[in-house]
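Please treat every number below as a calculation from the coordinates, not as lab data. Quick caveat: nothing in here was measured; it's all calculated off a predicted structure.
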Amino acid sequence: MFNIRTDLALEAKEIYENDQKSTEIPGVKVKNKDLENCKVSIVEVIDEQGYRKICYIRK
């Protein structure tokens, strides 16, 4: 099985969770879907607070 990752927003979310010992980022929603041959994660930044958290992580 291949493990291909292409989404930086998902990586930023996981970094935040590890650093903050938290499972949620304020202002960010994540939906996961399991399809037949892959897993799809949808990361939605819903407000300014979420934007700042995601952008801070990537710097």
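Brief remarks follow.
- Computed from the alpha carbon atoms alone, the convex hull of the range 14-59 holds 77 Å³ per residue.
- Cross-link reach list, aspartates and glutamates versus residue 21, counting only Cα pairs under 16 Å and skipping chain neighbours closer than eight places: 11
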